[in-house]
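J.: Here's a structure for you.
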Amino acid sequence: MAEAQGGRSLVVDAVTHRYPSGALAVENINLDIKGGEIIALLGPSGCGKTTLLRIIAGFIAQSQGRIIIGDDIVDALPPNRRAVGIVFQNYALFPHLSISENVAYGLAARGIDKATRQREAQRLLELVQLPAMAERLPRQLSGGQQQRVALARALAIKPSILLLDEPFAALDKNLRLDMQIEVKRLQRVSGITTLIVTHDQEEALSMADRVAVLSHGKLEQFGSPSDVYDRPQTLFVNTFVGSTNRMPGIVVSADRTAAKIRLDAGAEIIARPAAGALTEGGRVTVCIRPEHLQFVGDETGFAGVVGMSLPLGATVVHEVTTADGSGVKISQARIGETRALESGAAVRLAPLAPSLANAFPATL
Amino acid sequence: MGAAPASRDVISYGMGLAAPLALFFLLFFVAPLLQLFWLSLHNDTAGLHWGLGQYLHFLTDPFSLSVLGSTLLLGAEVTAVCLVLGFPIAWLYQRVGPKLQTIIILIVLLPLLTSVVVRTFAWIVILGRQGIINATLQSLGIIDTPIKLLYTQFGVVIALAQVQMPLMTLPLITALGRIDPNLDDASCSLGAGSWRTFFKIVLPLSLPGVIAGCTLTYAAAITAFITQSLVGGGQMLFMPMYLYQQASTLQNWPFAAAISIIFLLAVLAVVSVFTTLGRMSRGYGGV
């Protein structure tokens, strides 16, 4: 059964795709995915993540590079012979077929006899917790139920790889969380190597073992959720994943692990050179997340004036205007009776630790 | 369905506004039809003796029945040709870029922009003894003597198929356009080849268009007086011409009226079969 098969590995080897117009859709993407992993392809719309998904599925033939599933180079195989299961964003259930026929469709295409097909469809419908829906038509089901059916249909062919294209985008927030848990549960049981395409960073961070961040067709970073969040390798990753304050500055001194930076906001701080060595005297952009800033009482840190305080439930976010006129957000956990800061109060801010400030060479 | 109360309101408002059109139909469509029916119930040309003699005559006359049969068969043949040729065009239309789409739709609509008479004469030029086809085949040495194309069933079917093609292609294009392109990809990713995808997904989902196209093409083909008569010539007789001869040449108005009614019922029967099929396939419509 699918439960025992374990996933096959997936290697995206130096894949580049050019549109007929000559524009690059994806450029030199390398991903080495182990069997059974959940990977998220994360990026804003137009970053090439869907193109990459369609290349892996076989709907698009890449201009260069190879796709390797398990030990097989699959580039020459059409989509119907790749055994790649896909769940489409709009589910793409066949509207004229019953739920059970939808789930059994891939089995019928493989010439499996009717009795086995029905038994297998029923087993999968039980797996996605919809055993009573077999005879209904897709349009009689809710969005979440349709998605479960789409999952069951994709799993029915015992795919070596499962691709999910923005699977939760059409669901409302509560249902989305349920389905995320459900997908993760099914993935655990089946052990299928799974690729989720998403523009939702929370979804990527919460569901995936590793996250591949794409921007403008290039792979920005491929690492664990905590790597991507805490040790971003590019300015794009740092700003796209989570929220961050971008503060311009100049490198005073730098070695491989730490750099002293004079912020335009008026303080010298120690930051981590996140994208390799920095040159002394060069302009940099320092990224500090709101939750990694603290108020300090002494003369360290940079000065600012509190603009607005927003109590967001578990945290309070203060907006502070610095000496160079830029805005900085700082978020504080709400422990006990957090002191409300009055608008106009003068404060000083500093990063919690040097490793929590990331310095990137300034572009331009 | 769910909007029943709202649609009842619309109908009660709409009735008054539809009155002019209803009156028009009553005067110029229903009344003549009733007159026709009344006329057909007379046994003599003068219209003095009531009876079902005209119907009996038609239904017991082998010649009349053969004309009816060959007309209905002609419609079926034309519809089949249009479906087989029109489906690939509609399928292609949904899979090419916008520039090619414009060209295809222009080609599809072109027959509608020319007069039927002109188009039919063009076919006479193409199919004639010294026509384009025969001349080409002869000059290529493929045939010695001209093949008879004009005034044959084959010629009529081909000419009618070309003339009626837009009626088939346009509903098909609409129906295929309503199919989510992801369904193709989904079917393919589940392991189905192109033919399986076509017969299991594309064809069933395009049935409403197929049925609409067939109904229109069929009704238009069997009543196409001009093309039938000009390309069919004197030897081939179909219902519209038969009717015309009885009414205009032989002045046998009651018999012509009976032929009309029988022809009308035959067409209605075929159309209602299509409509029933259409209603059965409507379950596929929604997403």
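J.: Does B:Gln164 satisfy being away from every other protein chain (no Cβ under 14 Å), surrounded by fewer than 22 Cβ atoms within 10 Å (Cβ to Cβ), closer than 26 Å to B:Thr114 by Cβ and under 17 Å from the mean Cα position of the chain (by Cα)?
T.: no
J.: How many residues, within segment A:28-49, are surrounded by fewer than 23 Cβ atoms within 10 Å (Cβ to Cβ), more than 14 Å from A:Thr194 (Cα to Cα) and of a type in the set (Lys, Arg)?
T.: Number satisfying all stated conditions: 0.
J.: Now for a separate question. Quick check, is B:Ser189 surrounded by 24 or more Cβ atoms within 10 Å (Cβ to Cβ), more than 9 Å from chain A (Cβ to nearest Cβ), over 30 Å from B:Val117 (Cα atoms) and at pLDDT 90 or above?
T.: So B:Ser189 fails the test.
J.: Being free of Cβ contacts under 8 Å to residues at least 12 places away in the same chain and either assigned to a loop (DSSP other than H, G, I, E, B) or not hydroxyl-bearing (Ser, Thr, Tyr) (or both) narrows it down to one of A:Arg117, A:Arg123, A:Arg153, A:Arg136, so name that one. First the steps, then the outcome.
T.: Details: A:Arg117 fails: free of Cβ contacts under 8 Å to residues at least 12 places away in the same chain; A:Arg153 fails: free of Cβ contacts under 8 Å to residues at least 12 places away in the same chain; A:Arg136 fails: free of Cβ contacts under 8 Å to residues at least 12 places away in the same chain.
Sole residue among the options that is free of Cβ contacts under 8 Å to residues at least 12 places away in the same chain and either assigned to a loop (DSSP other than H, G, I, E, B) or not hydroxyl-bearing (Ser, Thr, Tyr) (or both): A:Arg123.
J.: Within segment A:54-66, can one find any residue that is buried (at least 20 other Cβ atoms within 10 Å of the Cβ), part of a loop (DSSP other than H, G, I, E, B) and either under 29 Å from the mean Cα position of the chain (by Cα) or modelled with pLDDT under 90 (or both)?
T.: Among the residues of segment A:54-66, at least one is buried (at least 20 other Cβ atoms within 10 Å of the Cβ), part of a loop (DSSP other than H, G, I, E, B) and either under 29 Å from the mean Cα position of the chain (by Cα) or modelled with pLDDT under 90 (or both), which makes the answer yes.
J.: Now, a different point. What are the residues in segment B:61-87 that are under 18 Å from the mean Cα position of the chain (by Cα) and charged (D, E, K, R), if any?
T.: Applying the first criterion (under 18 Å from the mean Cα position of the chain (by Cα)) to segment B:61-87 yields B:67-87.
B:Glu77 - this is the single residue of segment B:61-87 that is under 18 Å from the mean Cα position of the chain (by Cα) and charged (D, E, K, R).
J.: Follow-up. Among the residues of segment A:314-343, write down those that are surrounded by fewer than 13 Cβ atoms within 10 Å (Cβ to Cβ) and modelled with pLDDT under 80.
T.: A:Ile335, A:Gly336, A:Glu337, A:Arg339, A:Ala340, A:Glu342
J.: Name the residues in segment A:104-132 that are among the basic types (Lys, Arg) and either crowded, with 18+ Cβ neighbours inside 10 Å or outside the structural domain of A:Thr50 (by TED's automatic domain parsing) (or both), would you? It would help to see each step written out before you state the result.
T.: Quick first cut of segment A:104-132, residues among the basic types (Lys, Arg) only: A:110, A:114, A:117, A:119, A:123.
The one that is among the basic types (Lys, Arg) and either crowded, with 18+ Cβ neighbours inside 10 Å or outside the structural domain of A:Thr50 (by TED's automatic domain parsing) (or both): A:Arg117.
J.: Exactly one of these conditions fails for B:Phe154: (1) over 30 Å from A:Pro78 (Cα atoms); (2) in a loop (DSSP other than H, G, I, E, B). Give me its number.
T.: (2)
J.: For segment A:316-324, check the following and say yes or no: at least one residue is within 32 Å of the chain's Cα centre (by Cα) and assigned to a loop (DSSP other than H, G, I, E, B).
T.: Checking segment A:316-324: not a single residue is within 32 Å of the chain's Cα centre (by Cα) and assigned to a loop (DSSP other than H, G, I, E, B).
J.: I'd like to verify a number: residues in segment A:235-264 that are buried (at least 18 other Cβ atoms within 10 Å of the Cβ) and either under 26 Å from A:Leu214 (Cβ atoms) or aliphatic (A, V, I, L, M) (or both), how many?
T.: Qualifying residue count for the region: 15.
J.: I've got another one for you. Can you name the condition, by its number, that B:Trp253 falls short on among (1) farther than 30 Å from B:Thr169 by Cβ; (2) touching a Gly at 6+ places or on another chain (Cβ under 7 Å)?
T.: Evaluating B:Trp253 over (1) farther than 30 Å from B:Thr169 by Cβ; (2) touching a Gly at 6+ places or on another chain (Cβ under 7 Å) leaves (2) as the failure.
J.: If you don't mind, another one. For segment B:88-141, what are the residues that are under 19 Å from the mean Cα position of the chain (by Cα) and not in a helix (DSSP H, G or I)?
T.: Of everything in segment B:88-141, those that are under 19 Å from the mean Cα position of the chain (by Cα) and not in a helix (DSSP H, G or I) turn out to be B:Thr114, B:Ser115.
J.: Which numbered condition trips up A:Leu164, out of (1) at positive phi; (2) under 25 Å from the mean Cα position of the chain (by Cα)?
T.: (1)
J.: Limited to segment A:276-291, what total is found for residues that are of a type in the set (Asp, Glu) and under 21 Å from A:Ala353 (Cβ atoms)?
T.: Within segment A:276-291, residues that are of a type in the set (Asp, Glu) and under 21 Å from A:Ala353 (Cβ atoms) number 1.
J.: A further question on this structure: Give the residues of segment A:67-94 that are within 7 Å of chain B (Cβ to nearest Cβ) and in a helix (DSSP H, G or I), sorted by residue number.
T.: Scanning segment A:67-94 gives A:Pro79, A:Asn80.
J.: May I pose another question? Starting from residues that are farther than 21 Å from A:Glu203 by Cα and of a type in the set (A, V, I, L, M), keep the ones in segment A:19-55 and report whichever is nearest to the other protein chains (Cβ to nearest Cβ).
T.: A:Ile55
J.: Can I ask one more? Given the options A:Glu135, A:Glu101, name the one that is crowded, with 19+ Cβ neighbours inside 10 Å, out of contact with any Asp or Glu (no Cβ under 8 Å at 6 or more places or on another chain) and within 14 Å of chain B (Cβ to nearest Cβ).
T.: Checking each option against the conditions leaves just A:Glu101.
J.: Now, a different point. Can B:Ile147 be described as surrounded by fewer than 23 Cβ atoms within 10 Å (Cβ to Cβ) and away from chain A (no Cβ under 11 Å)?
T.: yes
J.: Something else about it: Given the criteria buried (at least 21 other Cβ atoms within 10 Å of the Cβ), more than 13 Å from every other protein chain (Cβ to nearest Cβ) and in a helix (DSSP H, G or I), does A:Gln147 qualify?
T.: Numbers: buried (at least 21 other Cβ atoms within 10 Å of the Cβ): yes; more than 13 Å from every other protein chain (Cβ to nearest Cβ): yes; in a helix (DSSP H, G or I): yes.
Spelling it out, A:Gln147 is indeed buried (at least 21 other Cβ atoms within 10 Å of the Cβ), more than 13 Å from every other protein chain (Cβ to nearest Cβ) and in a helix (DSSP H, G or I).
J.: Being closer than 28 Å to A:Lys34 by Cβ, of a type in the set (A, V, I, L, M) and free of Cβ contacts under 8 Å to residues at least 24 places away in the same chain is the filter here, so list the residues in segment A:56-109 that pass it.
T.: A:Ala61, A:Ile73, A:Val74, A:Ala76, A:Leu77, listed by residue number.
J.: Which of the residues spanning segment B:169-186 are more than 7 Å from chain A (Cβ to nearest Cβ), of a type in the set (Gly, Ala, Ser) and buried (at least 20 other Cβ atoms within 10 Å of the Cβ)?
T.: B:Ala175, the sole residue that qualifies.
Here is a yes/no grid of residues against (1) in a helix (DSSP H, G or I); (2) away from chain A (no Cβ under 14 Å); (3) in contact with a Leu (Cβ under 6 Å, 6 or more places away or on another chain):
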| residue | (1), (2), (3) |
| --- | --- |
| B:Arg196 | yes, no, no |
| B:Ile201 | yes, no, yes |
| B:Pro204 | yes, no, no |
| B:Leu207 | yes, no, no |
| B:Leu216 | yes, yes, yes |
| B:Ile226 | yes, yes, no |
| B:Leu230 | yes, yes, no |
| B:Met236 | no, yes, no |
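J.: Of the conditions (1) in a loop (DSSP other than H, G, I, E, B); (2) touching a helix residue (DSSP H, G or I) at 6+ places or on another chain (Cβ under 7 Å); (3) not polar (S, T, N, Q), A:Ile270 fails just one. Which one is it?
T.: (1)
J.: A follow-up question, please. Are any of the residues in segment B:161-172 at pLDDT below 90 and of a type outside the set (S, T, N, Q)?
T.: Looking through segment B:161-172, at least one residue is at pLDDT below 90 and of a type outside the set (S, T, N, Q).
J.: I'm trying to understand the selection: among the residues of segment A:221-251, which are assigned to a strand (DSSP E or B) and of a type in the set (A, V, I, L, M)? Walk me through how you get there before you give the answer.
T.: Taking segment A:221-251 and keeping what is assigned to a strand (DSSP E or B), we get A:221-223, A:245-251.
Matches in segment A:221-251: A:Met247, A:Ile250, A:Val251.
The values are calculated or read from the model by the stated rules, or taken from the named source; none is laboratory data. Quantities reported herein were computed from a predicted structural model and do not represent experimental measurements. Note: ideal-geometry Cβ built from the backbone for every residue, glycine included; neighbour counts use all protein chains shown.
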